[in-house]
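Asker: Starting off with a structure, shown below.
What follows draws every value from the coordinates through simple rules; no lab data is involved. Predicted model, so just to flag it, every value in this text is computed and none were measured. With ideal geometry, Cβ positions are generated from the backbone for all residues, glycine too; neighbour counts draw on all protein chains shown.
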Amino acid sequence: MRQLSKRAGSISQLCRDLDINRTQFNRYLKGEAFPRPDVLYKICTHFDVDARILLEPLDCLRDQAMKERTSRVLSSFLFDVDALKIAPEAFPAGCYLHHRVSYFVPDHISTTLLKFYYDGNGNLRIRGYMPYTSGARIGLPRAAQPRLFRGLVFRQLVGFAFMVTMDQVPLMVLGGFEPNYIGNPKFYFGSSVSTQDVIAPSPILLERLEPTLSALIASRHQLGIRERRIYSPLVRGFFDKFAPIR
């Protein structure tokens, strides 16, 4: 309210324009009172703002408005690729391990747990968290929210394409993958490229987990940046082929 009042020539004139008692208006400014619905409507109409200004900091609303505008632009773009939606039977929803060569330790493999799920509109979405060790190297706290990333998957002529972004880091990852690595239906192979490192694509391998709680709990011990030798021969062999890339 105080920030909005600065737009007025004077508080006295503003109170006259709003037909609000000056003393009462000062109580609003100090947070000692909350406007009645009819008074709130007057204030919001005068400044042409949302009523949430009295519930949330103005800067937060500006940030939210910017995110909403960006979301509308992206949604408009994605509407044009609606034909690229994936049928649920073509890609099983569930938890997957995402293996890639580590950015930070090239002779190690970085493994992340991903959740693939279909939303109410039939879009295949991705949700996951950057590992602690990777997040720490770029200055992210240990808390989960700053390490959260989300994405979308699209159908391609062969296999699938995806894009992933993070809320707290100006970073996007684009890539694609195909099913049945060396005939194994649990593994999907492909490559990705980060907008912060576009020199060469990075090989990636997705490993579908069994839909059981025990499998999910066991997967926790495989997350993070780990030596290649502790991975299965299938996973290790896939990345050994690409050792010169990273």
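Asker: Once you put a point 7 Å from the Cα of ARG228 and another 7 Å from the Cα of ALA200, both along the Cβ direction, what distance in nm separates them?
Answerer: 1.2 nm
Asker: While we're on this one: Pop a pseudo-label 7 angstrom from the Cα along the beta-carbon direction at both ILE217 and ASP107 and give the gap in nm to one decimal.
Answerer: The modelled label-to-label distance comes out at 3.6 nm.
Asker: Going 7 Å from the Cα of SER10 along its beta-carbon direction, which residues of region 17-52 have the amide nitrogen within less than 14 Å of the resulting point?
Answerer: Output list for this probe position: 17, 22.
Asker: Let me ask you something else. For the peptides 29-37, 160-168, what is the packing order when you average, over each peptide's residues, the other Cβ atoms within 10 Å and list the highest mean first? It would help to have the intermediate numbers written out before the result.
Answerer: Numbers: 29-37: 11.4, 160-168: 17.6.
So the peptides 29-37, 160-168, ranked by packing, come out 160-168, 29-37.
Asker: Taking 0.36 nm per residue of sequence separation and subtracting the Cα-Cα distance, how much length would be gained by fully extending the chain between GLN145 and SER191, in nm to one decimal? The partial results should precede the final answer.
Answerer: On the way: separation 46, 0.36 × 46 = 16.56 nm, distance 2.61 nm.
Difference between extended and current length: 14.0 nm.
Asker: Where does the charge balance sit around ARG236 when Lys and Arg score +1, Asp and Glu -1, over other residues with C-beta under 9 Å from its C-beta? Walk me through the numbers on the way to the answer.
Answerer: Details: positive: ARG228, ARG229; negative: ASP240.
Once positives and negatives cancel, what remains is +1.
Asker: Determine the shape class of region 95-239: with a ≥ b ≥ c the square roots of the Cα gyration tensor eigenvalues, call it rounded for a/c under 1.5, and otherwise prolate if a/b is greater than b/c, oblate otherwise.
Answerer: Working: a/c = 1.20, a/b = 1.05, b/c = 1.14.
Taking the square roots of the gyration eigenvalues as a ≥ b ≥ c, region 95-239 is rounded.
Asker: Another question, then. Please give the length that would be gained between VAL49 and GLN168 if that part of the chain were fully extended, namely 0.36 nm times their separation in residues minus their C-alpha to C-alpha distance (nm, one decimal).
Answerer: Numbers: separation 119, 0.36 × 119 = 42.84 nm, distance 2.70 nm.
Between VAL49 and GLN168, full extension yields an extra 40.1 nm.
Asker: Additional query: Which order do the peptides 219-230, 143-154, 1-12 come out in when sorted by mean C-beta neighbours inside 10 angstrom, highest first? Could the numbers behind the result be given before it?
Answerer: Values: 219-230: 14.1, 143-154: 16.5, 1-12: 11.8.
Descending packing order for the listed peptides: 143-154, 219-230, 1-12.
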